[in-house]
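Remarks on the structure that follows.
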Amino acid sequence: MLKLCRQYLNWIQNSVFEGEITEVKLKELLSNGKKIMKEKEDSLIIFKSRDERWLTKEVIGQEKNDLDTFL
């Protein structure tokens, strides 16, 4: 997953990536990611920015922590 995400986003630390990505590239990343992840064990959390002050959260697979308390 690390190699895959590095193709689309900037690696920040451990399993954290950030960057701007088009909807087409995001769909491509998600499609390829779902092929290699175990959705019942792994998770991919995507924060989408509607503007500079707001984020939406999308979880693919099993959510491990409740990050809503930090947003």
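Every number here is computed from the coordinates shown, using simple stated rules; none is lab data. Since the model is a prediction, treat every value here as computed from it, not as a measurement.
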Cα-Cα over 19 Å, subset of Lys3/Lys57; Lys27/Lys57; Lys34/Lys57: Lys3/Lys57
Cα gyration tensor shape of the range 1-49, rounded if a/c is under 1.5, else prolate or oblate by comparing a/b with b/c: oblate
